[in-house]
Amino acid sequence: IQNLKPSPFCLLDEIEAALDDSNVGRFAKYLHKLTKDTQFIIITHRRGTMAAADILYGITMQEKGVSTLVSVNLIEGQLDK
């Protein structure tokens with residue numbers, strides 16, 4: 001379906017959690033091929049998936065009840081708060 005009529009974006013929540021490191025790399029390369037037509041929003045804890053991303057967003061909580069958004073543009077190498 002995705003090849004026939006690509007959606008504008010796709011949300012994936014820890015879809016690669018059960019994969020070993022070599023398959024995480026394969027998964028990331030496969031998704032990167034699909035980014036020509038679709039934007040992927042991926043929730044992950046895997047470093048291999050994060051390393052393949054263009055932009056990372058993270059949420060931290062340094063004090064109870066106060067969340068902070070941190071973003072890193074891996075293409076430009078910029079850290080934004």
Length-normalised contact order of region 10-52, Cα under 8 Å, at least 6 apart, in percent, tallies to 60
Whole-percent tail of the Cα-Cα distance distribution for the chain, cut at 14 Å, equals 68
Specify the angular offset, from 0 to 90 degrees and rounded to the nearest 10, of the alpha carbon long axis of helix 21-34 from the longest principal axis of the alpha carbons in the chain.
70
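Hey, what number do you get for the chain at 222 nm if only DSSP H runs of n ≥ 4 count, each worth -39500 (n - 2.57), divided across all residues, to the nearest 500?
Details: 2 runs with 19 residues, N = 81.
-7000 deg cm²/dmol, from helical runs alone.
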For the chain, calculate the relative contact order in percent as a whole number, restricting contacts to Cα pairs under 8 Å that are 6 or more residues apart.
25
Express the relative contact order of region 36-78 as a whole percentage, based on alpha carbon pairs under 8 Å and six or more residues apart in sequence.
30
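Counting only DSSP beta bridges with both residues in the chain, what percent are antiparallel, rounded to the nearest 5? Don't skip to the end; give the middle numbers.
On the way: 10 of 15 bridges.
Expressed as a percentage, antiparallel bridges in the chain total about 65.
Since every read-out is calculated from the coordinates, none of them should be taken as a lab result. Worth saying up front: this structure is predicted, and the values here are computed from it rather than measured.
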